[in-house]
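Okay, so here's the structure we're looking at.
The values are calculated or read from the model by the stated rules, or taken from the named source; none is laboratory data. Note that the structure is predicted; figures quoted are calculated from it, not measured. Here the Cβ positions follow ideal geometry from the backbone for every residue, glycine too, while neighbour counts run over all protein chains shown. These accessible areas exclude ligands, DNA and RNA; they are computed on the full protein's heavy atoms, side chains included. Shrake-Rupley method; radii C 1.70, N 1.55, O 1.52, S 1.80 Å.
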Amino acid sequence: MDRFSTDADARNDGPLSVLHALLFFVLAAVTLLAQSYPVRADGGVVQIQRSAGPFIITVFTAPIPLRAGPAEISIMIQDNKNQNPVLDAKVAVMLGRDGGETIKVEARREQSKNKLLYAALLSFPEAGRWEIEVTVVKNFEEHKITGVMTIAPPRYFLLTYWWALALPPVTIVLFVLNQWLKRRQKAG
Amino acid sequence: MNSFGEAIYQSWNVDRGVFIFLILTAWCYARGWRRLHRQSPQRFGVGRLVCFFAGLTVIFLAIASPLDAFASLLLIVHMTQHLLLTMVAPPLILLGSPYLPLLRGLPPKVLKHGAGPFLAWPALQRFGRFLTNPVVCWSTFVLVTVFWHLPVFYELALRSEFWHKVEHLCFFLFAILFWWPVIQGEPVGIRWPRWTIILYLFLADLQNTALSAFLCFSERIIYPIYNSVPRISRLTALEDQIGAGALMWFFGSRAYLIPAGLLTIVMLSSAHAVQPSSGFTHSRNVPLRLTRGKVWDLLSIPLVGAVLRWRHFRRAAQAIMFLLAMVVIADGFFGHQMGSMNLAGVLPWTHWRGLVVITMLVAGNFFCMACPFMFARDLGRLVLPARWNWHRRLRSKWIAVVLLVLYLWAYESFDLWDSPWWTAWIIVGYFVASFVIDGLFKGASFCKYVCPIGQFNFVQSLISPLEVRVRDPDRCRSCTTYECIRGNSTQRGCELQLFQPKKEGNMDCTFCLDCIHACPHNNVGIMAFVPANQLTHDRYRSSLGRFSQRPDIAMLILLLVFGAFVNAAEMLKPVIAWEETLQARFDLGSPRSIEIIFFILSLLVLPLILAVSCGMLSRFLGRIRIGWRELICSFAGAFVPLGFSMWGAHFVFHLLTGGYAIVPVTLRAAGDLGISYFGTPDWSWLSLVPTLDWLLSLQLLLLDLGFLLTLYTGWRIAKGYRAGGKGTFGLFMPWASLAIGLYIVGIWIVFQPMQMRGMMAH
């Protein structure tokens, strides 16, 4: 005789439902993964707004506050006369620290959620004061603005992946509660 | 994409998380609605389905359309988004009467055993009744609306992606509560007289009017952030604010007053209940019948089933794998001897391992099905006598255990992943061993007792969702020929001596499908089953006996579990540095000595010490008379999910970060053969480490799920011994502690920088 309890349903545990549960699990997993993206091309908050030649250039940054690690820089270019967005320029972003590393990236509208903005996804290697230079080229004319941004230290990794570390204890608590309720309802 | 309008139109942003959640909800609702519609077509008419789906569509439009992209630039757009989330989507969702369809859409077991106890919990029911009390619904909605419109919180949501999501979630959830008494959704139904709901709506309109008037008539900008963003329309920030207030006033009032008007008309015409013909009735007596789903069989899928049943399918798959093996051997011996530039360094160690674990996770042991060594085995049987029986004393997994320990040690000690020459020799050795063993001995002795890859696949496939098994056990009872195991004149039976009616789980099953072809009743299929469920009981298994009586299988499982962690840890810089420190401290000339000690300790000594301690402690705390050896054998199986998750996290990491290497390496190998049609290799691909910011999340998720499944399996095993009574927790606790320890080690491993093997940047 089996030592373990023989689950009568063990061989016929509704595999169709199992597949659905599995599909559910896979999709839920992807949902969780999707939630864990640290940076999205959203625009963020206004960091710098300056006029340069015929343009008004506004620089947005995300996340808030800006931290070492993945970040997004978005730029809106508007015509100084009528404030219409300029959508056919070439935009380059250069970031640098005194005597330190320099990062050059091209900002493109394809990378932005708001297609009126030019966005660049990059990673700040360290915290501190960074100088930013945005160059806009249109009709062979080049216009630049510069500014300074303060980058905060990176988020502690446990905070970034809190959901993954919280999943087991939360599930265990729910399971314990489930078992307790089952026992209580059985006794009642 | 250069016009202003076009740019706005294209500013869609589908948040994958929310999108998948909406799809899941829609799928679950549709599944439940279909069942309920069959039972009660009037109560769950098409109207409900349409309303629910319309509600989900409105949510999608509010958060994924350009409305979301421009919400931070124009208050009027942001207001539209909020109106959709509070005044349009919630009533539509509630008109779909989602409670029962969503519950019925869940898998029956999840509903009965998972959600059931919570749904029947009196405290939760009381809380539900409290929440749906009209006073609570009205006041919480008003409070939340006012709260988020306070400048400090409104601006917080605009500055932070996280708080913006929280704001939207609050608006939506509390709006669902607000509309609940109005729509009088199930399961609460009608609780207050209908005339009170007219008052309820009028009071809500008063609040809405006050808030909109404040926005419209304020002479200063209430949310200064809109003053700092670039203006993309001709509206000034103040005009934008007035427009948002007017929008809220106009549409908000209509959203409250139209239902109030309709209710008044209904009351005046003495129609207190909604007519059944509309499909929105409130009878509450439809029983919640739980029906078991029919057994799902991979072979029943039209095209896939036909391909799998094709008599030559397995041979074709083996031929492809055999050709790949030949290519790897040839390149390993004669190609470039740098691992990352050779097919023998990339294909087996980066691609094959990663694909094997993924296949195992989503399907089953399909690698053994396509095993390239079958050709050598069949040739051995042709050339050599193949007449001896495998010695009785060797009919266990102990040989495989020893070979696996040797392999895991050699892999690190000789850097097999970076040595094409050694890799080629290992594959050749495999061919020779399978040729000799199956050429001399009957059956599939090589697969069953020797092959380390096979043992790895057998153990890991215990948590796969597919299993080769009988469709209808009753039909087997009347069978007298037993062709699934004996075979017939045209088809051999199971070489691994697995008798289908007594087969449990995937252990020792190579997915060869011989039994499927041999069964004259077409009664064997590739069926779905609950992953890891077979580990929770100890029934007799054909050709294996009971797991609780098999210390060799327990050792094999423990070795593969600890091996997963050791194999991954050996790639970590802190571990490598620690080994170097020990080597220097004890003045050992070669790092091999330290590696040998480390492997013996971590793969054999430590698992044994921990397993014996847990077994004894479990016996003591569980107050059980069964011996600790049997407890070890029973509980070892519970660790398969955790071990698998660690292998998965490790191999998938290599596959996703080093997968590109296959392109230049293949071009190089083709170039060596004089084939330059596809171009010359671009070796910069080897330094290309893709930025996969979700990879760590995937690894953590795998570990989480493996850990939880291990705990659950362990709990079920303990419950089986003590029938859920006293001592269950004591029996389970030592094994749970071991699982927690391994999980913490796994978390530490995935957070460490790993060597980028198979790439230039080692």
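With the condition kept exactly as written, say whether any residue in the range B:183-193 is touching a residue at least 60 places away in the same chain (Cβ under 8 Å), of a type in the set (Val, Ile, Thr) and more than 27 Å from B:Thr57 (Cα to Cα). First the steps, then the outcome.
Step one: of the range B:183-193, the residues touching a residue at least 60 places away in the same chain (Cβ under 8 Å) are B:183-190.
Applying the additional criterion that residues be of a type in the set (Val, Ile, Thr) yields B:183, B:188, B:190.
From the residues that got through so far, the ones that are more than 27 Å from B:Thr57 (Cα to Cα) too are B:190.
Yes, the conditions are met somewhere in the range B:183-193.
With respect to the conditions (1) loosely packed, with under 15 Cβ neighbours inside 10 Å; (2) under 30 Å from A:Trp130 (Cβ atoms); (3) within 12 Å of chain B (Cβ to nearest Cβ), A:Gln185 lacks only one, and its number is (2).
Considering the range A:135-159 alone, what residues qualify as being not basic (Lys, Arg) and not in a strand (DSSP E or B)? Let's see the steps before the verdict.
Quick first cut of the range A:135-159, residues not basic (Lys, Arg) only: A:135-137, A:139-143, A:145-154, A:156-159.
Within the range A:135-159, A:Asn139, A:Phe140, A:Pro153, A:Pro154, A:Tyr156, A:Phe157, A:Leu158, A:Leu159 meet the criteria.
The criterion of being surrounded by 15 or more Cβ atoms within 10 Å (Cβ to Cβ) and hydroxyl-bearing (Ser, Thr, Tyr) does not hold for B:Ser590.
Grab the helices (runs of 4 or more DSSP H) fully contained in the range B:1-83, keeping just those with 3 or more residues being within 11 Å of another protein chain (Cβ to nearest Cβ). Talk me through it step by step, then tell me what you get.
Details: elements: B:4-9, B:16-39, B:46-64, B:66-70, B:75-83.
Counting at least 3 such residues, we get B:4-9, B:16-39, B:66-70.
Identify all residues within the range B:227-251 that are within 14 Å of another protein chain (Cβ to nearest Cβ), closer than 12 Å to B:Val77 by Cα and in a helix (DSSP H, G or I); write none if there are none. Selection gives B:Asp240 alone. Here B:Leu303, B:Leu308, B:Leu299, B:Leu324 are screened, and the one residue that is within 14 Å of chain A (Cβ to nearest Cβ), farther than 30 Å from B:Ala210 by Cα and at pLDDT 90 or above is B:Leu299.
Is it true that some residue in the range B:336-348 is open to solvent by 50 Å² or more (accessible area, probe 1.4 Å), within 22 Å of B:Gln497 (Cβ to Cβ) and touching a residue at least 24 places away in the same chain (Cβ under 8 Å)? No, the range B:336-348 contains no residue that is open to solvent by 50 Å² or more (accessible area, probe 1.4 Å), within 22 Å of B:Gln497 (Cβ to Cβ) and touching a residue at least 24 places away in the same chain (Cβ under 8 Å). Taking into account only those residues within the range B:116-160 that are free of Cβ contacts under 8 Å to residues at least 24 places away in the same chain and among the aromatic types (Phe, Trp, Tyr), which is farthest from the other protein chains (Cβ to nearest Cβ)? Here the residue is B:Phe147. Taking the range B:525-540 as the range and being of a type outside the set (S, T, N, Q) and in contact with a Lys or Arg (Cβ under 7 Å, 6 or more places away or on another chain) as the test, the residues that pass are B:Gly525, B:Met527, B:Asp538, B:Tyr540. Scanning the range A:81-134 for residues that are touching a residue at least 40 places away in the same chain (Cβ under 8 Å), within 13 Å of chain B (Cβ to nearest Cβ), part of a loop (DSSP other than H, G, I, E, B) and open to solvent by less than 50 Å² (accessible area, probe 1.4 Å) yields A:Val86, A:Ala89, A:Ser112, A:Lys113, A:Asn114, A:Leu116, A:Leu117. Taking the range B:98-164 as the region of interest, the helices (runs of 4 or more DSSP H) fully inside it that hold 1 or more residues being open to solvent by 60 Å² or more (accessible area, probe 1.4 Å) and either touching a strand residue (DSSP E or B) at 6+ places or on another chain (Cβ under 8 Å) or more than 26 Å from B:Phe52 (Cβ to Cβ) (or both) are B:122-131, B:134-149, B:151-159.
Taking the criterion of being surrounded by 15 or more Cβ atoms within 10 Å (Cβ to Cβ) and free of Cβ contacts under 8 Å to residues at least 60 places away in the same chain, would at least one residue in the range B:566-573 satisfy it? Within the range B:566-573, not a single residue is surrounded by 15 or more Cβ atoms within 10 Å (Cβ to Cβ) and free of Cβ contacts under 8 Å to residues at least 60 places away in the same chain. Cβ-Cβ distances below 9 Å connect no pair with a first residue in the range B:196-222 that is within 15 Å of B:Ser139 (Cα to Cα), a second residue that is open to solvent by 20 Å² or more (accessible area, probe 1.4 Å) and of a type in the set (Ser, Thr, Tyr), and a separation of six or more residues or different chains. Looking across the range B:20-32 at every residue that is over 19 Å from B:Pro108 (Cβ atoms) and of a type in the set (Val, Ile, Thr), the one that is most open to solvent (accessible area, probe 1.4 Å) is identified as B:Ile23. Scanning the range B:189-200 turns up one or more residues that are open to solvent by less than 10 Å² (accessible area, probe 1.4 Å) and either hydrophobic (A, V, I, L, M, F, W, C) or assigned to a helix (DSSP H, G or I) (or both).
Looking only at the range A:54-80, which residues are in contact (Cβ under 8 Å) with a residue 40 or more places away in the chain, more than 9 Å from chain B (Cβ to nearest Cβ) and in a strand (DSSP E or B)?
Residues of the range A:54-80 that are in contact (Cβ under 8 Å) with a residue 40 or more places away in the chain, as a first pass: A:54-55, A:57, A:59-61, A:65-77.
From what is left, the residues that are more than 9 Å from chain B (Cβ to nearest Cβ) are A:54-55, A:57, A:59, A:61, A:65-69, A:71-75, A:77.
Matches in the range A:54-80: A:Phe55, A:Ile57, A:Val59, A:Thr61, A:Arg67, A:Gly69, A:Ala71, A:Glu72, A:Ile73, A:Ser74, A:Ile75, A:Ile77.
Within the range B:611-628, the set of residues being at pLDDT 95 or above and more than 14 Å from B:Leu738 (Cβ to Cβ) is empty.
Restricting the range B:33-69 to residues that are closer than 22 Å to B:Lys165 by Cα and among the small types (Gly, Ala, Ser), which is surrounded by the most Cβ atoms within 10 Å (Cβ to Cβ)? Filtering first and then ranking leaves B:Ala69. The residues in the range A:46-74 that are modelled with pLDDT under 90, surrounded by fewer than 20 Cβ atoms within 10 Å (Cβ to Cβ) and of a type in the set (D, E, K, R) can be counted, and the count is 1. Is it true that B:Leu100 is away from every other protein chain (no Cβ under 14 Å), touching a Phe, Trp or Tyr at 6+ places or on another chain (Cβ under 9 Å) and of a type in the set (A, V, I, L, M)? Spelling it out, B:Leu100 is indeed away from every other protein chain (no Cβ under 14 Å), touching a Phe, Trp or Tyr at 6+ places or on another chain (Cβ under 9 Å) and of a type in the set (A, V, I, L, M). Pairs meeting the criteria (first residue in the range B:462-476 and open to solvent by 10 Å² or more (accessible area, probe 1.4 Å), second residue aromatic (Phe, Trp, Tyr), beta carbons under 6 Å, at least 6 apart or on different chains) are B:Ile463/B:Phe644. Quick check on B:Glu630: is it under 25 Å from B:Phe732 (Cβ atoms), open to solvent by 20 Å² or more (accessible area, probe 1.4 Å) and in contact with a helix residue (DSSP H, G or I) (Cβ under 7 Å, 6 or more places away or on another chain)? Taking the combined requirement at face value, the residue satisfies it.
With the structure loaded, tell me whether B:Gly293 is within 31 Å of the chain's Cα centre (by Cα) and at pLDDT below 90 or whether it fails that test. Full working, then the answer.
On the way: within 31 Å of the chain's Cα centre (by Cα): yes; at pLDDT below 90: yes.
For B:Gly293, the condition - within 31 Å of the chain's Cα centre (by Cα) and at pLDDT below 90 - is met.
Scan the range A:135-154 residue by residue and report those that are out of contact with any His (no Cβ under 9 Å at 6 or more places or on another chain) and buried (at least 16 other Cβ atoms within 10 Å of the Cβ). Matches in the range A:135-154: A:Lys138, A:His143, A:Ile145, A:Met149, A:Ile151, A:Pro154.
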